[in-house]
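A short write-up of the structure that comes next.
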Amino acid sequence: MGVTSVGVIGTGLIGPVHIEGLQRNSDLVRVLGVAGTSLEKARATAERYGLPRAYESWEEMLRDSEIEAVHVCSPNYLHHGMVKEALLAGKHVVCEKPLALTRAEGEELLELATSRGLFHGVHFNLRYYPLVQNLQRKIRSGHLGKLVNIHGGFLQDWLLYRDDYNWRLESSRAGETRVVGDLASHWFDMIEFLTGQRVRQVCADFSTVHPLRRKPRGSVQTFSSAASSPDDSESWEEYQVDTEDQASILFRTDQGVQGSALFSQVAAGRKCYLNFEIHGLDQATRWNSEEPNHIWYGNREGTNQVQIKDPSSMEEEARKYCSYPGGHQEGFGDTVKQFMRDFYSSLQAGTAGGYPSFGDGLREIQVCEALLKSARSGSWQEV
């Protein structure tokens, strides 16, 4: 089987991230074209990345018989419709999270992809840091012993100020949860991937730090600043925020392990701080995404340890997720490359691999819905 021809929907922040990750797997994939909110944006992105085609619309892309797989990198509320149409057109699909905004939509997409025999993935790329892959194998082999506690969270500061604004603040476009949908989904996917345990019960407390924000009349790209002057009232309008800026969560797994987590987009100084500490009866471990090439192991007896990412010191099955030898740092872009490689290697082989699928995407919708229900009811909820 030759390389797979791929089209990418989305020219904002994450669409080009997918394009770059795909182009780093040129032995498996050819990015044929891109579609955006306008032909002009599609052409600009296609020119930037040397793509042969810019589509006037995502529907035009789906009509292209040469496109075999589609990456959906659009705003959240568009995912379900675009993914469904791509599957109906016979395309394999990789979707940015969330897969959809409701459990029913996620179930529909999983059933449709499965019934048509199409490969499907959700871009939970943070699993693919080499030391995370290594830790997963160590935990599953019993290295930490019986697990007793998990805590951590995911912190950012890009919405710290009242003047900061982005489409993700609008529930009609991003969904009924924001911090939970954006951040907790990645974190709980990570924890379940690492431990093999599933979150069974949750208790959540949400808060909105800035109930009123200044919404610019123009567009703002994710993670960029949208600061405005109080005197410049012609350029912004007041917006009533109806999603959470932060969330505090307690949870229990199906094996009785207790956990806690904090998620925030108003945490000054934290840019992309996914962190966890997992305690077992034999050993503990701690890792965070701002220092991804180091991991801490804690011991009751003897010396605590810090492992540096080095393929020669890693579990054999995890070494393939290292792009470079020891001492050479790996980051976010490398996780995207490794996800793409995992997905398209499986597609070429014709067998499902260990990459996050629509099933994992549906799982995180279920977790997020339970968290929202808990926050609204003030009580523990079953997932």
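The values are calculated or read from the model by the stated rules, or taken from the named source; none is laboratory data. Computed from a predicted structure; not experimentally measured. Cβ: placed from backbone, ideal geometry, glycine included. Neighbour counts: every protein chain shown. Surface accessibility is based on the protein's heavy atoms, side chains included, excluding ligands, DNA and RNA. Shrake-Rupley method; radii C 1.70, N 1.55, O 1.52, S 1.80 Å.
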Give me the percent of DSSP beta bridges within the chain that run antiparallel, rounded to the nearest 5. 60
Whole Å is fine, so just give me how far the alpha carbon centre of region 319-373 lies from that of region 25-41. 20
Please give the net charge around Val17, taking every other residue with its beta carbon less than 14 angstrom from that of Val17, where Lys and Arg add +1 and Asp and Glu add -1. +1
Around Ser379 (Cβ within 13 Å, Cβ-to-Cβ, excluding Ser379; K/R +1, D/E -1) the net charge comes to 0
Starting from the Cα gyration tensor of region 14-106, take the square roots of the eigenvalues, sort them a ≥ b ≥ c, and report rounded, prolate or oblate (rounded when a/c is under 1.5, otherwise prolate if a/b is larger than b/c, else oblate). prolate
Calculated mean projected area of the Cα convex hull in nm² (choose from (i) 19.6; (ii) 39.6; (iii) 21.5), label: (i)
At 1.4 Å probe size, with the rest of the protein present, what percent of the exposed accessible area of region 37-106 is carbon and sulfur atoms? 47
Distance between Cα centroids, region 112-149 to region 230-286: provide it in whole Å. 21
Contour excess over end-to-end distance, with Cα ends at Ser26 and Asp282 and 0.36 nm allotted per residue: 87.9 nm
If each of His143 and Glu47 carries a label point 7 Å out from its Cα toward its Cβ, how far apart are those two points in nm? 4.9
Report the calculated FRET efficiency for Lys373 and Asp254 (r = Cβ-Cβ distance, R0 = 25 Å), to the nearest 0.05. 0.85
Charge dipole (debye, nearest 20) of the chain; +1 at Cβ of Lys and Arg, -1 at Cβ of Asp and Glu: 700
At 7 Å along the Cα-to-beta-carbon direction for both Ser235 and Glu107, put a label point, then send me their distance in nm to one decimal. 4.8
Given the candidates His80, Leu126, Val3, the one whose Cα lies deepest towards the positive end of the charge dipole of region 1-137, counting +1 at each Lys or Arg C-beta and -1 at each Asp or Glu C-beta, is Leu126
Under the Karplus relation with 6.51, -1.76 and 1.60 and θ = phi - 60°, whole-Hz ³J(HN,Hα) for region 263-273, x at Gly and Pro, equal 10, 7, 10, 10, 9, 3, x, 8, 8, 7, 9
So, for region 270-383, what is the accessible surface per residue at a probe of 1.4 Å, expressed in square angstrom? 48
Carbon and sulfur: what percent of region 253-383's accessible surface (1.4 Å probe)? 46
Cβ-Cβ FRET estimate between Glu382 and Arg173, R0 fixed at 30 Å, reported to 0.05: 0.55
Extension gain from Glu315 to Thr37, taking 0.36 nm per residue of separation minus the Cα-Cα distance: 95.7 nm
Spatially near lysine pairs across the chain, Cα under 21 Å, sequence gap of 8 or more or different chains: 11
If R0 is 56 Å, what FRET efficiency do you get for Arg198 and Glu56 from their C-beta distance, rounded to 0.05? 0.80
Can you tell me the length gained on complete extension of the stretch Gln329 to Val306, counting 0.36 nm per residue apart and subtracting the Cα distance? 6.7 nm
Other-chain or far-sequence residues with amide H under 5 Å of Gly280's (modelled H): Val148, Thr285
Simple spin-label model, 7 Å along Cα-to-Cβ: Leu78 to Arg162 in nm? 3.2
In region 241-334, which GluC sites (Glu not before Pro) are in a loop and have at most 13 other Cβ atoms within 10 Å, using DSSP for the loop call? Glu290, Glu301
Once Rh for region 56-207 is found with the Kirkwood sum over Cα pairs, what is the Stokes-Einstein diffusion coefficient at 25 °C and 0.890 mPa s, in µm²/s? 138
With +1 assigned to the C-beta of every Lys and Arg and -1 to the C-beta of every Asp and Glu, and no other charges, what is the dipole magnitude of region 1-131 about the Cα centre in debye, to the nearest 20? 300
